[in-house]
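Heads up: the structure comes next, in structure tokens.
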Amino acid sequence: MSYSEYLSSPHWKRTKEAFRKITKKRCFICREKEKIDLHHKRYELHGSSILGYERKNDLRWLCRKCHYSIHGLGLEKEFAQGRFKRTMYKNWFKKL
């Protein structure tokens, strides 16, 4: 199954709804509450796909601007590894 097919699957919809119930649906970086996406911090663990086996720590709510910025600037690895604190991201994105 491709990633886009997975995002349309009933399993992903249930995962997203469960995550929504246990977390506040606002951007992890800028705290925006509109146009929020659920971002995978990583797609693999030890060389195996985590799709379908996500844990709470594998996911973060991001607004579209921050989500696209992370992917567009190639910051996925830093974000996934938790190298930056929220305030550091906020300062980084203010420059955009």
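Read the figures in this text as sums done on the coordinates, not as results from a lab. Note that this is a predicted model, so its numbers are computed, not measured. Counting neighbours? That spans all protein chains shown, and the Cβs are built from the backbone with ideal geometry, glycine included.
Observations on the structure shown:
- FRET efficiency for Glu32 and His71, using Cβ-Cβ distance with R0 set to 25 Å, rounded to 0.05: 0.90
- Among Cys30, Cys66, sorting on how many other beta-carbon atoms sit within 10 Å of each Cβ, with the fewest leading, yields Cys30, Cys66.
- Here's how it looks for Glu32: its modeled amide H is under 5 Å from those of Cys27, which are all 5 or more places away or on a different chain.
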